[in-house]
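Data block below; observations after.
The values are calculated or read from the model by the stated rules, or taken from the named source; none is laboratory data. From a predicted model like this one, the values you see are computed outputs, not experimental measurements. All Cβ positions, even for glycine, are placed from backbone atoms using ideal geometry, and neighbour counts span all protein chains on display. Calculation scope for accessible area: heavy atoms of the full protein, side chains included, ligands and nucleic acids excluded. Shrake-Rupley method; radii C 1.70, N 1.55, O 1.52, S 1.80 Å.
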Amino acid sequence: MALKVELKPGERILVGECVITNGKQRTRFLVEGKTPILREKDILTAQQADSPAKRIYLAVLLMYTSQDARAHHATYFTLVRDLVRAVPSAWPQIEIINNQILTGNMYKALKEAKKLINYEQELLANEEGRAGLRKRSKTDLQSA
């Protein structure tokens with residue numbers, strides 16, 4: 001079954017190991033065969049991988065696009081181990097990603113890794129909110 005892809009003007013897409021950049025017009029095409037395909041919005045570069053969850057996403061992305069996914073397993077599992085040590089509550093999400101990788105569903109593993117990034121961002125936002133509350137509480141106590 002072919003995958004129907006529609007690209008906006010100037011949008012890029014990864015097909016296999018090739019990057020295709022669309023011209024000035026909207027384009028629609030079919031991709032037949034089994035090859036990794038990623039839209040530009042799902043591609044993360046090493047420079048953009050600036051958090052533990054994003055580095056895990058990048059490792060999964062490399063597994064998905066690589067001809068030898070196992071070449072990236074050691075990096076992936078090191079990153080996962082470090083994240084789970086720091087944030088044990090991330091384990092259920094990691095377990096889902098691991099199961100997708102072990103069953104060969106790399107695209108689904110990538111989508112789950114994106115959810116891990118969202119979870120990490122929620123945790124950071126909650127921590128920033130708590131830090132702001134602690135700072136205000138100290139200021140309130142000092143002024144009293």
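General observations
- Over the chain, accessible surface divided per residue gives 68 Å², non-protein components excluded, 1.4 Å probe.
- In plain terms, the chain from SER66 to ASN98 could stretch by 9.8 nm, reckoned as 0.36 nm per residue minus the Cα-Cα distance.
- Using a Förster distance of 35 Å, the FRET efficiency for THR35-SER89 (Cβ separation, nearest 0.05): 0.45
- Converting phi to 3J(HN,Hα) with the Karplus coefficients 6.51, -1.76 and 1.60 and the offset θ = phi - 60°, the range 72-80 yields 9, 4, 4, 4, 4, 5, 5, 4, 5 Hz in sequence order, with x at every glycine or proline.
- Using C-alpha pairs under 8 Å with a sequence gap of at least 6, the mean separation divided by the residue count of the chain gives a relative contact order of 16 percent.
- Estimated vicinal HN-Hα couplings, Hz - the range 42-57 in sequence order (Karplus 6.51, -1.76, 1.60; Gly, Pro = x): 9, 8, 10, 8, 4, 5, 7, 7, 9, 8, x, 5, 5, 5, 5, 4
- Phi-derived couplings, Karplus 6.51 cos²θ - 1.76 cosθ + 1.60 at θ = phi - 60°, listed residue by residue for the range 89-94: 5, 7, 4, x, 5, 4 Hz, with x used for Gly and Pro.
- Computed over protein heavy atoms with a 1.4 Å probe, the carbon and sulfur contribution to the accessible area of the chain reaches 54%.
- Rg over Rh for the chain works out to 1.13, using Cα positions for both radii and the Kirkwood form for Rh.
- Accessible surface ranking that places the most exposed of PHE77, PHE29 first, with a 1.4 angstrom probe: PHE77, PHE29
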